[in-house]
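Colleague: First the structure, which I've put down as structure tokens, then a few questions once you've had a look.
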Amino acid sequence: MASERATVPSDVIVSDLYKPSIDYKDDGGSDQPPGNLGPDPEVSAAQEQEAMDIEPEPPAPDDSPDWRYPLLQRLVDGTLPSDQAEARRVARRANTFVLLDGEIYKRSPLGILMRCISCQEGIKLLEDIHSGACGHHAAPRTLVGNAFRQGFYWPTAVVDATEIVWTCEGC
């Protein structure tokens, strides 16, 4: 209504606010004033730093072959896998991929090129988006959309994002 400057219907109650509806002056609040930090600020700072030190888990070794390898072989050499069903799948999928300067890119339906990355790199990217400085612990499809809009692609993105969200303690 406000954006259209239309008249307000008779069944809608309108109230114009000319001052804040919350009085902050007598807010007791639970926060302590900055001068009263507690018994010993050095001990509390050390405990806080200790709580913030989180050692990252080493990445698990990935025994699966890189998903880009058969497509890369098709684009570079024109060779296909020996399995007939796999060869048909790779030949069909290779039409949407492009090789530029030794890197493989997926062409989106709009024609935008997305750099193909390994699944391990994709998981790391999703973790950074999910809990990074600009992260907001979003849903799996939102995470994948953010990664794809940044220009990255890998086929197991939705599954990886779902796993990250389900195992996130903050969510």
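The values are calculated or read from the model by the stated rules, or taken from the named source; none is laboratory data. All values reported here derive from a predicted model rather than from experimental measurement. Cβ atoms come from the backbone with ideal geometry, glycine included; neighbour counts cover every protein chain shown. Remember, those area values only see protein heavy atoms, side chains included, never the ligands or the DNA or RNA. Shrake-Rupley method; radii C 1.70, N 1.55, O 1.52, S 1.80 Å.
Colleague: Using a 1.4 angstrom probe on heavy atoms only, work out the carbon and sulfur share of the accessible area of the stretch 73-171 in %.
Modeller: 53
Colleague: Mind listing the phi-derived Karplus ³J(HN,Hα) values for the stretch 161-171, rounded to whole Hz, using 6.51, -1.76 and 1.60 with θ = phi - 60°, and x for any glycine or proline?
Modeller: Result, rounded to whole Hz: 5, 4, 5, 5, 5, 5, 9, 6, 6, x, 8.
Colleague: May I ask you to give the solvent-accessible area per residue for the stretch 58-165, in square angstrom, as obtained with a 1.4 angstrom probe?
Modeller: Normalised by residue count, the accessible surface of the stretch 58-165 is 64 Å².
Colleague: Could you give the dipole magnitude of the stretch 92-148 about its Cα centre, charging the beta-carbon of Lys and Arg +1 and that of Asp and Glu -1, in debye to the nearest 20?
Modeller: 340
Colleague: Hey, another quick one. What is the set of long-range amide H partners of Ile104 at a cut-off below 5 Å, with H atoms built 1.01 Å from backbone N?
Modeller: Those lying under 5 Å, H to H, from Ile104 are Cys116.
Colleague: Next question, about the same structure. Does the stretch 98-141 come out rounded, prolate or oblate by the C-alpha gyration tensor, with a ≥ b ≥ c the root eigenvalues, rounded set by a/c under 1.5 and, if not, prolate when a/b is larger than b/c and oblate if not?
Modeller: prolate
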